[in-house]
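Here is the structure we will look at, set down as C-alpha cells.
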Amino acid sequence: MDTTPNRSLHKYAIFTALSTFFLLIAGALVTSNDAGLSIPDWPLAYGSLVPPMVGGIRYEYIHRVVATFVGLLTIGLATWLWRAEKRVWLRWLGLAALGGVVAQGILGGMTVRMYQPPAVSAAHATLAQLFFSTVIAIAVFTSAWWQNELVEMEDRGAPRVRCLAIWTTVAVFLQLILGAAFRHNGFGIIPHLIGAAIVTILIFLTAGALKRHFSHSRPLRKCARLLRILIGVQLLLGAGAWWSRVYSAQFPQPIAVMVTLTVVHTVTGALVLAAILVTTLVLYRILGVGVGTTMADSDSSATTERIAQ
Amino acid sequence: MYSLALGAFALAMAGCGGKKEGALETPAPSASAPAGKTVDAATAGEVTGTVKLDGPAPKMKAINMAADPACAKAHTSPVTNEEVLTGDDGTLANVVVYVKSGLDGYSFPAPSTPVKLDQPGCRYHPHVIGAQVGQNIEVFNSDQTIHNTHLSSKENRELNQSQLPGAQPIEKSFAREEIAIPVRCNVHPWMKAYMAVLPNPYFQVTGKDGAFDLKDLPPGTYILVAWHEIYGTSEQTITIGPKESKSVTFAFKASAAAGD
C-alpha cells in the first residue's frame, strides 16, 4: 500500500466536505420553509423519481437529491480510503462516515414517515453536523501536512490549550444539538441561549490562549481570528434569526428574511464547528499527544507555517 | 457507532410521541358506548347566540402564492390570511361553539353525511370544520395543482397524504374527541385549517355574522364552549328548561391571543 500522501484522495475529501456543506444549506432551507412533509412518501416522491416542482416540494426534493449525491460521494470516499489508506483507523473513520450517511438517510426517511417527531428531526439535524465534522476530519487527516514528519511543539498553556480546544469543540457540538432541538420544537430557546453564552466564553478563551501561547504561529493566529469572527457573526445572526422568527409569526407563511437569517445562522453554526474542529486537530498534530521533541518558539513558527500549507 | 446510537435514541424518543397513522387505535368510550338515552324532541330546547371580538381585529397579512403559479392564477385579487375574520359589529367567524359537558348518558350516533373540506385556489374551504366522532370527513382537491394533507392530531391518528389534481377525496374519521386538529399543506405553507371532532351533535362553526344555533338540546345544565384558533377558549354554564330557548354571547378580547 502506498505510504505517500494521496493528493487526489485529499481533494476528493474536501469536495465531499463542501458538498456536505451545501447539503446542510439544503436541509436548513427545508426546515425554514416548513417543507419537511411536502413530499409525504419516501424514498419515492409522489410515487415517482421526480415530483411536480412546486411550493415546498422544491426544497424537500432538492434536499433529497443533494443528500443522494453526498451519499454516493461518501460511498466513494469510504471505498477509496479502504483501498488506498495505510492508516487503519482512518479507513475505519471512512466506514464510520459511510455509516453516518446511511443512518442520516434512514433518519430523513423516518422524519417523513413519522411526521417529523421533534426527537427524530433533531437527531437528523444533529447527525448532519456530526457527519460534516467527520468528513472535515477526514479531509484534514488526508492532507499532506498532516502526514508530514513534524517536530512537536510544547503546550505551555494552563489549562492546556489542547484540552481547552477539545472542550470548546464538544461545547459547540452540544450547542448545535440544542439549536436543532429548539428549531424542531423539542426545547425552548433558553437552553440554546445558555449554550451560546458558554460557547462564546470558551471560544474567546481558546482564541485568547492561542494568541498568547502561539503568537509566533501565523496559522494558529489565523485560527484564533477566524474563531472570534465566526462567533461574533454567529451571535449577531442568532439574534437576527430570533427576531425574524418572532416578526414572521404574524405572517401566514415563512418570509424571506426569516428563511435567510435562520438558514445562515444554522450553517454558520456548522462553520463554527468546522473551525474549532480543525483548530483542535491542528493543535493535536503540532503539539503531539505524548512527550515529544520540543522546539524553540522561533523554530516552531516555521514548522506551523509549513503545516498549514 | 454514533449512527446506531442516534438512530436508537431517535426511535426510542419517537415511541413517546402521539398516535400515528396505521397505529392500533382503540375507539374512545363515547364513540362505542352502548345506546343510551335519546333526546325527547317534545321537551328539547335551543341555545342561540353570537361570538364577538372585543376590540379592533388585527389586520390580516397578504398571502404570497408565487411559489405555485397554479395557486396565484386562481385569484384575481390579493388574498389574506383567515386567522381572524370578523363581520359587522365585531362578530367573529371560524369559532367552534360546542357543548362540552352535561350530556352524560345520552348516545349520539355519527351522522352518515360526510363533512366536506376543499382546497380551491390553494386555500382550505371552510377554514374551520366540525365533525362528530366517527363521522366521515372528505378532503377534496379541486385545484389544478398538487396538495398534501397533513393532520397533526394529538388524540387521533396523524395523517400526511398527497393529493394530485382531480384525485379521489381523502376520507377520514376520528375515534376521539379533539379540539382542534390542525390541517396543513406543506406544499403551500400558507394553507392552514382546523378540524374540531366532537362527541355530540351540539356544535356549530360561526360564519362572519358570528351566530350559532344549537337546536334540540334536552333540558339540563351545560358547559358551553367557544374555541378560536387565535383567541383560545371561553366557557359559559347555562341551564335549559323544557322547550326553553336561551341566548348567549361570547366575547373574546382582541388583545388576548391564545399564544400571549
(message) Going by what's in this entry, would A:T31 be described as polar (S, T, N, Q), buried (at least 23 other Cβ atoms within 10 Å of the Cβ), more than 11 Å from every other protein chain (Cβ to nearest Cβ) and touching a Lys or Arg at 6+ places or on another chain (Cβ under 8 Å)?
(response) yes
(message) If a residue must be over 15 Å from the mean Cα position of the chain (by Cα) and open to solvent by 50 Å² or more (accessible area, probe 1.4 Å), how many such residues does region B:124-143 contain?
(response) 2
(request) Would you mind telling me which numbered condition in (1) within 14 Å of chain B (Cβ to nearest Cβ); (2) out of contact with any Cys (no Cβ under 9 Å at 6 or more places or on another chain); (3) in a helix (DSSP H, G or I); (4) buried (at least 20 other Cβ atoms within 10 Å of the Cβ) A:W92 fails? (result) (4)
(request) Answer yes or no as to whether B:Q204 is at pLDDT below 95 and not in a loop (DSSP other than H, G, I, E, B). (result) no
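So, in region A:101-110, of the ones that are more than 9 Å from chain B (Cβ to nearest Cβ) and either open to solvent by less than 20 Å² (accessible area, probe 1.4 Å) or among the acidic types (D, E) (or both), which residue ends up nearest to A:L73 (Cα to Cα)? Explain how you work it out, then say what you get.
At the first step, the residues of region A:101-110 found to be more than 9 Å from chain B (Cβ to nearest Cβ) are A:105, A:108-109.
The next check asks that each one be either open to solvent by less than 20 Å² (accessible area, probe 1.4 Å) or among the acidic types (D, E) (or both); those that pass are A:108-109.
Numbers: A:G108: 18, A:G109: 19 Å.
By that ranking, first place goes to A:G108.
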(message) For region B:80-123: of the residues being under 20 Å from B:N148 (Cβ atoms) and of a type in the set (A, V, I, L, M), which is most open to solvent (accessible area, probe 1.4 Å)?
(response) B:V115
(message) Just the residues that are in contact with a strand residue (DSSP E or B) (Cβ under 6 Å, 6 or more places away or on another chain), surrounded by fewer than 21 Cβ atoms within 10 Å (Cβ to Cβ) and not in a strand (DSSP E or B), please, taken from region B:159-199.
(response) B:P169, B:E177
(message) Considering only residues that are polar (S, T, N, Q) and either not in a helix (DSSP H, G or I) or not assigned by TED's automatic domain parsing to the domain that holds A:L164 (or both), which ones fall in region A:231-282?
(response) A:Q250, A:Q253
(message) For region A:34-82: of the residues being at the interface with chain B (Cβ under 10 Å from one of its Cβ atoms) and in a helix (DSSP H, G or I), which is surrounded by the fewest Cβ atoms within 10 Å (Cβ to Cβ)?
(response) A:R58
(message) Take the residues in region B:214-260 that are of a type in the set (S, T, N, Q) and under 19 Å from the mean Cα position of the chain (by Cα); name whichever of them is least open to solvent (accessible area, probe 1.4 Å).
(response) B:S234
(request) Please specify each residue of region B:46-79 satisfying the condition of being open to solvent by 70 Å² or more (accessible area, probe 1.4 Å) and either of a type in the set (D, E, K, R) or within 14 Å of chain A (Cβ to nearest Cβ) (or both). (result) B:K52, B:D54, B:K59, B:N64, B:A66, B:P69, B:K73, B:P78
(message) Go through (1) over 29 Å from A:G238 (Cα atoms); (2) open to solvent by 20 Å² or more (accessible area, probe 1.4 Å); (3) at pLDDT below 90 for A:A144 and report which single condition fails.
(response) (3)
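For residues that are among the polar types (S, T, N, Q) and either under 30 Å from A:V30 (Cα atoms) or within 13 Å of the chain's Cα centre (by Cα) (or both), scanning just region B:200-213, find the one that is least open to solvent (accessible area, probe 1.4 Å). Write out each step before concluding.
Filtering region B:200-213 down to residues among the polar types (S, T, N, Q) leaves B:200, B:204, B:206.
If we keep only those that are either under 30 Å from A:V30 (Cα atoms) or within 13 Å of the chain's Cα centre (by Cα) (or both) too, we end up with B:204, B:206.
Numbers: B:Q204: 66, B:T206: 5 Å².
The qualifying residue least open to solvent (accessible area, probe 1.4 Å) is B:T206.
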(message) So A:L98 ticks every box in (1) at the interface with another protein chain (Cβ under 10 Å from one of its Cβ atoms); (2) within 30 Å of B:K154 (Cα to Cα); (3) open to solvent by 30 Å² or more (accessible area, probe 1.4 Å); (4) part of a helix (DSSP H, G or I) but one. Which box is left unticked?
(response) (2)
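Report yes if B:T43 is open to solvent by less than 60 Å² (accessible area, probe 1.4 Å), farther than 23 Å from B:A193 by Cβ and over 26 Å from the mean Cα position of the chain (by Cα), otherwise no.
Numbers: open to solvent by less than 60 Å² (accessible area, probe 1.4 Å): yes; farther than 23 Å from B:A193 by Cβ: yes; over 26 Å from the mean Cα position of the chain (by Cα): yes.
Taking the combined requirement at face value, the residue satisfies it.
The values are calculated or read from the model by the stated rules, or taken from the named source; none is laboratory data. What you are looking at is a predicted structure, and each value in this text was computed from that prediction instead of being measured. Backbone-built Cβ (ideal geometry, glycine too); neighbour counts: all protein chains shown. When the accessible area is computed, the model is the full protein with side chains, heavy atoms only, and any ligands, DNA or RNA have been set aside. Shrake-Rupley method; radii C 1.70, N 1.55, O 1.52, S 1.80 Å.
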